[in-house]
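Okay, structure first, notes after.
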Amino acid sequence: MKSQDIVVLLKLVSLQEQGEFAGHGEQRRGFAGEAPFSVRGLESLTGISKTEINASLKRSLSSGLAIKDRDTGRANPHRRNLYEFIVHGLKFVFPAKAGAMTRGIPTAFAAPMLKGLLVSGGEYIHIWPYAQGRDMGQSVEPLFKSVPEAVQKDERLYEYLALVDAIRLGNQREAGLAGQRLSERFLKK
């Protein structure tokens with residue numbers, strides 16, 4: 001597994017959820033005019049190369065974090081397995097540590113959609129380093145270098161990745177709250 005596998009899987013979950021709201025039968029397009037579920041579409045939406053997207057999908061299928069759709073042949077996230085991995089294993093496989101102060105995009109419980117869910121003890125906020133970011137805080141290495149750009153195109157992906165960082169960075173209480181929120185969003189079906 002590589003950390004970008006989680007980014008790709010969460011992007012697929014986000015696209016599935018957006019498709020539920022867009023209505024069936026509509027052919028939505030990515031930023032490069034590609035179908036969003038195509039390798040090329042995923043490349044334009046995540047900033048991860050086509051080669052890495054292909055390799056990521058293969059790893060996810062072989063690990064059980066994705067399953068192949070019988071009708072389309074597409075790799076779909078196995079939400080229950082992905083959730084279990086994020087909540088119970090991710091912080092051990094891809095640990096996160098707060099680093100130096102820098103400018104960037106808020107993550108974990110500092111992300112706009114999660115702000116106010118947890119009262120902070122006065123610590124600095126966590127951010128993904130990004131030169132065009134407006135916030136200052138302690139840097140946190142994102143799961144993949146293109147995450148700061150990708151989340152600006154997709155608020156749902158932003159929320160999922162912020163929750164993942166809250167689990168990676170948080171103490172037991174914070175990780176538990178983030179896991180609960182992820183469960184509410186992720187396993188609603």
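Our Cα-only numbers for region 52-189 put the radius of gyration and Dmax at 15.5, 51 Å. Around residue 179, under 12 Å between beta carbons, what's the net of Lys plus Arg minus Asp minus Glu among the other residues? Net local charge, residue 179 excluded: +2. Take region 98-187 with all the other protein chains still there, run a 1.4 Å probe, and you get 49 Å² of accessible area per residue. Dividing the alpha-carbon radius of gyration of region 40-133 by the rule-of-thumb value 2.2 N^0.38 Å gives 1.37. If R0 equals 30 Å, the separation of the Cβ atoms of residue 100 and residue 171 corresponds to a calculated FRET efficiency of about 0.90. Between the C-alpha center of region 127-189 and that of region 50-72 there is a gap of 23 Å.
Full extension of the chain segment joining residue 49 with residue 145 gains 33.4 nm, where the gain is 0.36 nm per residue of separation less the Cα-Cα distance.
Charged neighbours of residue 170, selected by a Cβ distance under 13 Å, balance to +2 (K, R count +1; D, E count -1).
Per atom type, region 98-187 shows carbon and sulfur on 47% of its accessible surface, probed at 1.4 Å.
Here residue 153 is the anchor, and the lysines within straight C-alpha reach of less than 18 Å, apart from those fewer than 8 places off in the same chain, are 11, 145.
For region 98-187, give the magnitude of the charge dipole about the Cα centre (Cβ charges: +1 Lys/Arg, -1 Asp/Glu; no others), in debye to the nearest 20. Don't skip to the answer; put the middle values down first.
On the way: 10 positive and 10 negative charges, 8 e Å.
That gives region 98-187 a dipole magnitude of about 40 debye.
Loop-only GluC sites (Glu not before Pro) in region 99-179, please: DSSP not H, G, I, E or B, and at most 12 other Cβ atoms within 10 Å.
Working: sites: 123, 149, 155, 159, 174; in loops: 123.
Those that pass, being in a loop and sparsely packed, are 123.
Computed about the Cα centre, the dipole magnitude for the chain is approximately 320 debye when only Lys and Arg (+1) and Asp and Glu (-1) carry charge, each at its Cβ.
The values are calculated or read from the model by the stated rules, or taken from the named source; none is laboratory data. Here the structure is a predicted model, which is why all the values come from computation and not from measurement. Every residue, glycine as well, gets a Cβ built from its backbone with ideal geometry; the counts of neighbours run over all protein chains shown. Heavy atoms of the whole protein, side chains included, go into the accessibility calculation; ligands, DNA and RNA do not. Shrake-Rupley method; radii C 1.70, N 1.55, O 1.52, S 1.80 Å.
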